[in-house]
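Structure record follows, encoded as structure tokens.
The values are calculated or read from the model by the stated rules, or taken from the named source; none is laboratory data. It should be emphasised that the depicted structure is a prediction, and the values quoted were computed from it without experimental measurement. In this analysis, Cβ positions are derived from the backbone assuming ideal geometry, glycine residues included, and neighbour counts consider all displayed protein chains. What goes into the accessible areas is simple: the full protein's heavy atoms, side chains included, and nothing from ligands, DNA or RNA. Shrake-Rupley method; radii C 1.70, N 1.55, O 1.52, S 1.80 Å.
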Amino acid sequence: MTIWPLRWPTLSLRLRLTLWYSLTLAVTLWIFAGFLYTSLAQNLADEIDKTLNDRALELNRSIRLDTFIARGGRVRLELPNPDVFATGDTFVQLVTLDGEVIAASANLAQQDLPITPEALAATRDGHALYQTTQVGDTAIRLFDAPIVVAGRSIGMLQVARSLQTYRQSLIRLRAVTIFGGLASVVCSALIGSALARTALRPLERFARTAEEIGEARDFSRRVDYRGPRDELGRLATTFNRMLERLQDAYAGLEAALASQRRFVADASHELRTPLTTIRGNASLLQQVPHMTPADRDDAIAQIVGESERLSRLVQDLLTLARADAGLHLARHPVGLRGIVAEVIRQARFWRDGVLVQAGELGDATVIGDADTLRQLAVILVDNAVKYTPAGGSVTVSLVADEGTAVLEVADTGIGISAEDLPHVFERFYRADRARSAGGTGLGLAIARWIVTEHNGRIDVVSEAGKGTTFIVRLPASITNSYQALTST
Ligand code: ADP
């Protein structure tokens, strides 16, 4: 026989809330009603006992000793008429200590109030006694009190009261409490459920919107909530803020993915050109053994040139791939002046007819990576030399100014047109493909990454036909004061 595990059905929050507070109300009402019922029943019982006691006292007071006339050794008492003390549901009976009924109220008819040996014994000792007992079909409360004359108990006085009214009152009270309590619980459950539904309606809307957003991946949607800034208001605001961030992240991701795809496509394209040239020339050398020395030299020169370009391209791609992978540069104090002066010295041999000169060369120390800072200077100076026709000049200056090192590379070259200017830092962007033959179109993209890694910024000012100036600003300290600081 398989026993299936017992599983509770998942109840909605509204139903759970309603059940919980209905249960709480029912328990509270139950405790309250129980307390009320018990104390009321006790009060009523006390009240009955008090009435019986009072009646017995009255009766006792009305017993008179006529005179002390000894007749056969007996004392003569004048007993009151029991009917004077009896009412509709109160009965009176006078009994001797032997249990013989002397007088009884008329409303007892043929019945006698029960006389128990305990009651007689208690009375003989001068004590009173309460009893709950039965006369015929009627439940009664019975008070047995001694009739005391001259300090001696000479008889028993019985006052009883029917408990019918008392019990009926209690039954009515019970019924009213139970039905009233049940009705209150049901009413409050219905009202509570309606209130919970109203209160939770915005939550249902949020959940629906979240589901729709999840299905359609439409992060531009927002949760519509027009209400006070309570818990739900805060939830709506937080949810919408989260959606905003998701939307940004998603857009960023899409942009990154698109640029990555573009990058891969561009890189493949760029790699294909030199490879085709190299393969073409290599097969030519292989297939045509009797080539003229001039053609042969030309083919070899092309292979060498394209191989150099290929390795430059691969090197640049590697640098950018590392940058994309989150490579962070070393952070050491680097003196910029030495690097800039060195690059100027080398650049003088890069191209005949272009004058490479130093402008103002101050000194500054940058916290960063010496190799990439040198690469930055090389990229900018190389471009300036490359895009400046013979007869032109390139001026490189370094100014240290209030925590900033400003490196300027200005040329009198071909300049960059206004349409190209916003794109020159993009990967593989080349304004003038013919002139930049040999370039990879990645230099300025790498330059921008290096500057960003050093927490600086790079700007370009250019006018087509007149020249271009690249300005790099890097956070720096004046070398002397820095050295003074570090040497202490
Ligand atoms: P490249 O390898 O083609 O030089 P870069 O990323 O270094 O690639 O430069 C991107 C483009 O910006 C170049 O193709 C060129 O059109 C333009 N450019 C860069 N520097 C200069 C400059 N000093 N003068 C004129 N054009 C420039």
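Brief remarks on what is shown
- The selection criterion, being part of a loop (DSSP other than H, G, I, E, B) and within 16 Å of the ligand (Cβ to nearest atom), does not hold for residue 309.
- Checking each residue in region 191-249 for being within 19 Å of residue 17 (Cβ to Cβ), of a type in the set (Ser, Thr, Tyr) and in contact with a helix residue (DSSP H, G or I) (Cβ under 6 Å, 6 or more places away or on another chain) picks out only 193.
- Residue in region 145-156 that is within 21 Å of residue 40 (Cβ to Cβ) and either more than 31 Å from the chain's Cα centre (by Cα) or not in a helix (DSSP H, G or I) (or both) present: no
- Where a residue in region 366-392 is free of Cβ contacts under 8 Å to residues at least 40 places away in the same chain and its partner, wherever it lies, is more than 11 Å from the ligand (Cβ to nearest atom) and of a type in the set (Phe, Trp, Tyr), with Cβ under 9 Å and at least six apart: 381/350; 385/350
- In the condition set (1) part of a loop (DSSP other than H, G, I, E, B); (2) in contact with a Ser or Thr (Cβ under 7 Å, 6 or more places away or on another chain); (3) at pLDDT 90 or above, residue 140 is compliant with all but (1).
- Within region 453-479, the residues that satisfy the criterion of being of a type in the set (Lys, Arg) and more than 17 Å from residue 431 (Cβ to Cβ) are 457, 473.
- Restricting attention to region 274-303 and to residues that are under 26 Å from residue 440 (Cβ atoms) and free of Cβ contacts under 8 Å to residues at least 12 places away in the same chain, the residue that is most open to solvent (accessible area, probe 1.4 Å) turns out to be 279.
- Selection status of residue 154, touching a residue at least 40 places away in the same chain (Cβ under 8 Å) and open to solvent by 50 Å² or more (accessible area, probe 1.4 Å): yes
- If you go through region 165-224 and keep only what is open to solvent by 100 Å² or more (accessible area, probe 1.4 Å), in contact (Cβ under 8 Å) with a residue 24 or more places away in the chain and under 30 Å from residue 40 (Cα atoms), you end up with 167, 174.
- Qualifying residue in region 110-129 (condition: in a helix (DSSP H, G or I), open to solvent by 30 Å² or more (accessible area, probe 1.4 Å) and either more than 22 Å from residue 57 (Cβ to Cβ) or touching a helix residue (DSSP H, G or I) at 6+ places or on another chain (Cβ under 9 Å) (or both)): yes
- For first residues located in region 409-423 and in contact (Cβ under 8 Å) with a residue 24 or more places away in the chain, partners that are more than 8 Å from the ligand (Cβ to nearest atom) and of a type outside the set (A, V, I, L, M, F, W, C) and lie 6+ apart or on another chain with Cβ distances below 6 Å form the pairs 410/395; 410/469; 412/392; 412/393; 413/392; 415/463; 415/465; 415/466.
- Some residue of region 228-235 being more than 23 Å from residue 13 (Cβ to Cβ) and surrounded by 11 or more Cβ atoms within 10 Å (Cβ to Cβ): no
To keep it simple, each residue is scored yes or no on (1) over 12 Å from residue 468 (Cα atoms); (2) out of contact with any Asp or Glu (no Cβ under 9 Å at 6 or more places or on another chain); (3) modelled with pLDDT of 95 or more.
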| residue | (1), (2), (3) |
| --- | --- |
| 362 | yes, no, no |
| 369 | yes, no, no |
| 391 | yes, yes, no |
| 395 | no, no, yes |
| 407 | yes, yes, yes |
| 414 | no, no, no |
